[in-house]
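Trainee: Pasting a structure below so you can have a look.
The values are calculated or read from the model by the stated rules, or taken from the named source; none is laboratory data. Note that the structure is a prediction, hence the values are computed from the model and not measured. Backbone-built Cβ (ideal geometry, glycine too); neighbour counts: all protein chains shown. When the accessible area is computed, the model is the full protein with side chains, heavy atoms only, and any ligands, DNA or RNA have been set aside. Shrake-Rupley method; radii C 1.70, N 1.55, O 1.52, S 1.80 Å.
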Amino acid sequence: CCPSTKHDVGELARFLCELSVCDYYFVTKKPSSVAVAALLTAMDNIDQMRLPQRTRDQFLSSIRGVARLDINSEEVRQCQYRLDEMYRQGSYGAHHEEMLEERGPSPNFVGDVHVTMDAK
């Protein structure tokens, strides 16, 4: 898998996690379930030519083994369905990809945002 595909999956998953904060539905869900659902949804929205099924399967196997997460749990599936619905209803697909190209990746944390303040 090429670096640009990894970047796109990561950015879309990050966006979906940020989107989940806007929906009260996710308040009772485990953060790990939301995160896995965001990754699954992001990978589902990446073309098979860019992210082959074999690569997806290897990555998901790593999640199961290393993080010991049940990616097939009912909670993960419900979160994935809800995130996918939000993403589609918001028509973010093409717009989000264009936005990423224009502004680059979002900051990892607030400390990455540099603000200059005029002294008065």
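Trainee: Where does the charge balance sit around Gly90 when Lys and Arg score +1, Asp and Glu -1, over other residues with C-beta under 13 Å from its C-beta?
Mentor: Local net charge: -2.
Trainee: Moving to a separate point now. Run the dipole for region 1-81 about the Cα centre, Lys and Arg Cβ at +1, Asp and Glu Cβ at -1, nothing else charged, and hand back the magnitude in debye, nearest 20.
Mentor: Dipole of region 1-81, to the nearest 20 debye: 280 debye.
Trainee: Also, quick follow-up: Can you give me the % of accessible surface on region 1-73 that is carbon or sulfur? Probe 1.4 Å, all protein chains present, nothing else counted.
Mentor: 59 percent
Trainee: Provide the solvent-accessible area of Asp47, counting protein heavy atoms only and rolling a 1.4 Å probe, rounded to the nearest 10 Å².
Mentor: Ignoring ligands and nucleic acids, Asp47 comes out at about 90 Å².
Trainee: What is the sum of charges, Lys and Arg at +1 and Asp and Glu at -1, for the other residues whose Cβ falls under 13 Å from the Cβ of Leu51?
Mentor: Counting the neighbours of Leu51, the net charge comes to 0.
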